[in-house]
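These notes concern the structure reproduced below.
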Amino acid sequence: MSVVLDGSPASEGIASGRVFLVDWGVPTVPHETVPADRVEAELARFDAARAWAAQRLRELQATTEERLGSVEARIFEPQVLMLDDQEVVEGTRRYITENHLAAPRAFEWRMLELQAMWSRTAQPMVLDRLNDLEDLMIRVLNRMLDRPDPSDLARADGGAILVARNLSPSLMVHLDPEHVLGVATDQGTRTAHWAILARSLEIPAVVGLGTVSRNAHTGMEAILDGRVGRIVLEPDASDHAVYQSRRRQIERWADEIVVIAEQESVTSDGQPVSLRANLDLPIEADAARRHGAQGVGLFRTEFLVVGRNSMPSEEEQYESYRKVVEAFPDDAVYVRTFDLGGDKFPMFLHMPREENPFLGWRAIRVCLDEPELFRTQLRALLRATAHGDLRIMLPLINDVDEVRRVRDMLEVEEDLLSSEGIPYNRGYKLGIMIETPAAALEAAELARHSDFFSIGTNDLVQYTLAVDRTNTRLAHLYNPFHPAIVRQLHQVSRVSRAAGIEVSVCGEMAADPLGAFLMLGLDIMALSVAWPSLPEIKRVIRDVRVEDARTAARQALAASTTEEVVKCLVDGMSGSVDLKVFSGRWRLSLPG
Ligand code: PEP
Ligand code: MG
């Protein structure tokens with residue numbers, strides 16, 4: 001009988017094949033002490049393993065840079081730094097010199113100590129750091145114990161679905177997408193570095209499956225669905241039939257994508273809709289263009305800081321922003337300033353542990369309190385405006401004063417750039433994200449200080465309904481089609497039109513067919529979605545009539561329950577779109 005395990009989707013796509021179990025675990029280290037005259041030799045053994053690991057990591061960095069780019073290659077920095085970290089090195093040396101432990105045992109003890117210390121916090125970015133620590137521990141211990149480097153074992157033969165307790169960036173970059181059909185892990189988060197890499201390499205991945213490495217063994221058959229976050233082990237005939245049809249759908253779809261990418265984003269009754277891409281990494285710009293993006297509606301910049309030990313330099317940031325802007329010479333690119341806190345914590349900021357991080361020191365609040373970090377970003381952004389239509393977008397704005405303070409900071413940086421003779425576009429636009437009910441209610445006031453609005457429904461839903469967006473237990477209550485959300489979208493749209501500023505939506509709701517239909521009905525004619533969703537949403541746009549969307553939205557605005565809202569939209573769309581085409585791929589909106 002098949003075993004179905006549900007986890008979190010980390011990278012799109014479906015894979016079906018044989019499991020390859022990767023034992024990327026810490027080796028068993030024998031307890032060994034040494035006589036005093038061997039201490040020097042053990043110290044040398046430790047140093048030699050460190051030097052080897054540094055060399056290996058540098059090689060990995062070079063391969064990654066070649067395959068994926070310099071930003072991705074930096075994911076190895078925390079490990080390289082850890083190799084020389086005094087906490088690691090001195091702690092291990094002390095165990096060798098004072099306790100006369102053999103080098104592997106001394107190193108293992110020290111790393112376990114650090115692991116225990118860091119594990120006391122549950123913050124996701126600390127969890128990523130723990131991944132780095134474990135990765136390094138495996139590598140250095142294997143070296144000292146004369147075992148082969150496990151990353152060499154990761155070249156799965158033929159097509160395979162890799163299953164592991166957890167993965168590491170260094171293992172991930174070894175994986176050739178030609179041979180690795182998919183990846184499934186017990187642990188991990190979508191924001192783990194290796195998951196980000198999986199997305200860049202377009203390898204389907206599911207994380208947080210709990211026990212998959214215990215349930216699966218090498219050679220077992222499996223089907224992995226990176227879109228819904230599921231793995232089916234030993235699938236039976238009916239599982240195969242379901243996934244065959246999903247796969248066929250996706251394959252047909254892949255052929256259509258090429259055609260759709262070239263088509264205009266316009267409703268069947270002639271209403272143009274700007275359809276842009278959300279990007280998490282600069283490297284995604286190419287895929288977004290291939291999928292027909294008309295610019296970038298949300299470029300999340302946290303990749304520059306998360307998991308890093310030091311602040312990104314102005315130059316590095318400027319190059320990243322410039323790269324994306326230059327990829328879209330004819331379109332706008334909305335770059336969001338750092339949205340830190342919540343579930344994203346850079347190591348160098350030493351952010352305090354908070355009881356409610358999503359209600360805490362997050363996004364614009366962090367930036368305004370950390371002028372050194374923020375000024376550097378603003379300056380890099382201003383410099384990048386010289387290369388195209390880069391627009392600066394501020395997250396989690398609640399009131400006008402926050403916008404004013406940013407404008408003041410920008411003015412200072414503009415003056416400095418002018419006096420230094422560094423070019424920037426004086427006519428650049430500054431806008432805000434509408435992500436809280438406070439911002440939606442204050443939209444008229446905020447519109448006087450903003451050049452555009454972009455509605456971040458992911459947060460707007462969590463703050464309106466008081467449902468933590470990361471809490472799986474409350475997932476059924478996280479409801480984007482709640483009437484309170486529909487009314488706020490309507491209010492923000494009306495206000496922007498009256499103020500003559502653009503309004504767009506860049507939350508996941510825009511990537512849902514019903515959500516997109518609702519937005520058009522509310523006169524929100526700019527949508528930004530993750531690039532894999534672009535063709536699907538464009539097809540919805542091209543299939544529907546804006547007049548039908550307006551009628552459905554009017555009815556939805558009068559609805560008193562979520563079910564009624566969804567029904568108005570389904571009824572409004574069903575004449576022009578076969579919603580079943582999307583079923584199974586769109587868990588968010590389809591009833592049942
Ligand atoms: C949102 O909140 O809808 C949004 C797009 O921002 P993020 O998902 O990065 O918080
Ligand atoms: Mg948000």
task: Can you confirm whether region 489-502 contains a residue that is more than 21 Å from G295 (Cα to Cα), within 15 Å of ligand 1 (Cβ to nearest atom) and not small (G, A, S)?
output: yes
field: Residue, surrounded by the most Cβ atoms within 10 Å (Cβ to Cβ), within region 461-481, restricted to residues that are within 16 Å of ligand 2 (Cβ to nearest atom) and in a helix (DSSP H, G or I)
entry: V461
query: From D369, D389, which residue is without any contact (Cβ under 8 Å) to a residue 12 or more places away in the chain and either in contact with a Cys (Cβ under 6 Å, 6 or more places away or on another chain) or away from ligand 1 (no atom under 16 Å from the Cβ) (or both)?
result: D369
message: Just to verify a result, which residue in region 370-401, among those that are assigned to a helix (DSSP H, G or I) and over 24 Å from S320 (Cα atoms), is most open to solvent (accessible area, probe 1.4 Å)?
response: D401
- prompt: Of (1) of a type outside the set (K, R); (2) under 21 Å from the mean Cα position of the chain (by Cα); (3) open to solvent by 20 Å² or more (accessible area, probe 1.4 Å), S11 satisfies all except one. Which?
  reply: (3)
- prompt: Does region 523-541 contain any residue that is polar (S, T, N, Q), surrounded by fewer than 22 Cβ atoms within 10 Å (Cβ to Cβ), within 26 Å of the chain's Cα centre (by Cα) and more than 16 Å from ligand 2 (Cβ to nearest atom)?
  reply: no
- prompt: So which pairs qualify, if the first residue must be in region 235-248 and more than 18 Å from E12 (Cβ to Cβ), the second must be modelled with pLDDT of 85 or more and surrounded by 13 or more Cβ atoms within 10 Å (Cβ to Cβ), the Cβ gap must be under 6 Å, and the two must be at least 6 apart or on different chains?
  reply: P235/S2; P235/I223; D236/S2; D239/S2; D239/V232
- request: Looking only at region 226-269, count how many residues are in a helix (DSSP H, G or I), closer than 15 Å to P532 by Cβ and of a type in the set (V, I, T).
  value: 4
task: Of all residues in region 482-498, count the ones that are over 24 Å from E563 (Cβ atoms) and either open to solvent by 50 Å² or more (accessible area, probe 1.4 Å) or in contact with a His (Cβ under 9 Å, 6 or more places away or on another chain) (or both).
output: 3
statement: Filtering region 513-534 down to residues that are modelled with pLDDT of 90 or more and either outside any helix (DSSP H, G or I) or over 16 Å from S574 (Cα atoms) (or both) yields M519, L522, D523, I524, M525, A526, L527, S528, V529, L534
query: Scanning for something of a type outside the set (K, R) and within 30 Å of Q263 (Cβ to Cβ), does region 359-375 turn up at least one residue?
result: no
- request: Check I223 against each of (1) in contact with a helix residue (DSSP H, G or I) (Cβ under 7 Å, 6 or more places away or on another chain); (2) part of a helix (DSSP H, G or I); (3) not assigned by TED's automatic domain parsing to the domain that holds S320 and name the one condition it does not meet.
  value: (2)
message: Just checking, does region 294-304 include any residue being open to solvent by 50 Å² or more (accessible area, probe 1.4 Å) and either in contact (Cβ under 8 Å) with a residue 40 or more places away in the chain or of a type in the set (D, E) (or both)?
response: no
- request: Please find, within region 317-344, the residue that is farthest from ligand 1 (Cβ to nearest atom) out of those that are free of Cβ contacts under 8 Å to residues at least 40 places away in the same chain and over 15 Å from the mean Cα position of the chain (by Cα).
  value: D330
field: When residues of region 352-362 are limited to those that are free of Cβ contacts under 8 Å to residues at least 40 places away in the same chain and either farther than 20 Å from R336 by Cα or of a type in the set (A, V, I, L, M, F, W, C) (or both), the one most open to solvent (accessible area, probe 1.4 Å)
entry: E355
task: Name the single residue, out of those in region 478-512 being among the aliphatic types (A, V, I, L, M) and within 20 Å of S533 (Cβ to Cβ), that is modelled with the lowest pLDDT.
output: A511
Residue under evaluation A241, criteria (1) modelled with pLDDT of 85 or more; (2) closer than 18 Å to N166 by Cα, criterion not met: (2)
query: Does region 431-460 hold any residues that are part of a helix (DSSP H, G or I), near ligand 2 (Cβ under 10 Å from one of its atoms) and either open to solvent by less than 10 Å² (accessible area, probe 1.4 Å) or in contact with a strand residue (DSSP E or B) (Cβ under 9 Å, 6 or more places away or on another chain) (or both), and which are they?
result: T457, D459, L460
query: For region 46-73, which residues satisfy the criterion of being closer than 14 Å to L83 by Cα and not acidic (D, E)?
result: F46, A48, A49, R50, A51, W52, A53, A54, Q55, R56, L57, R58
task: Looking only at region 414-424, count how many residues are of a type outside the set (A, V, I, L, M) and open to solvent by 60 Å² or more (accessible area, probe 1.4 Å).
output: 5
query: Under the condition of being at pLDDT 95 or above and within 16 Å of ligand 2 (Cβ to nearest atom), which residue from region 300-342 is nearest to V406 (Cα to Cα)?
result: T337
task: Read through the list (1) farther than 19 Å from L167 by Cα; (2) open to solvent by less than 40 Å² (accessible area, probe 1.4 Å), then give the number of the only condition that T64 fails.
output: (1)
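Yes or no, residue by residue, for (1) modelled with pLDDT under 85; (2) over 23 Å from Y478 (Cα atoms); (3) over 32 Å from the mean Cα position of the chain (by Cα); (4) in a loop (DSSP other than H, G, I, E, B):
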site: D548; (1), (2), (3), (4): no, yes, yes, no
site: Q555; (1), (2), (3), (4): no, no, yes, no
site: E563; (1), (2), (3), (4): no, no, no, no
site: R585; (1), (2), (3), (4): yes, no, no, yes
site: S589; (1), (2), (3), (4): yes, no, no, yes
site: G592; (1), (2), (3), (4): yes, no, no, yes
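The values are calculated or read from the model by the stated rules, or taken from the named source; none is laboratory data. Just so you know, these numbers come straight off a predicted model, no measurement behind them. In this analysis, Cβ positions are derived from the backbone assuming ideal geometry, glycine residues included, and neighbour counts consider all displayed protein chains. Just so you know, the surface numbers come from the protein's heavy atoms only, side chains and all, with ligands and any DNA or RNA stripped out. Shrake-Rupley method; radii C 1.70, N 1.55, O 1.52, S 1.80 Å.
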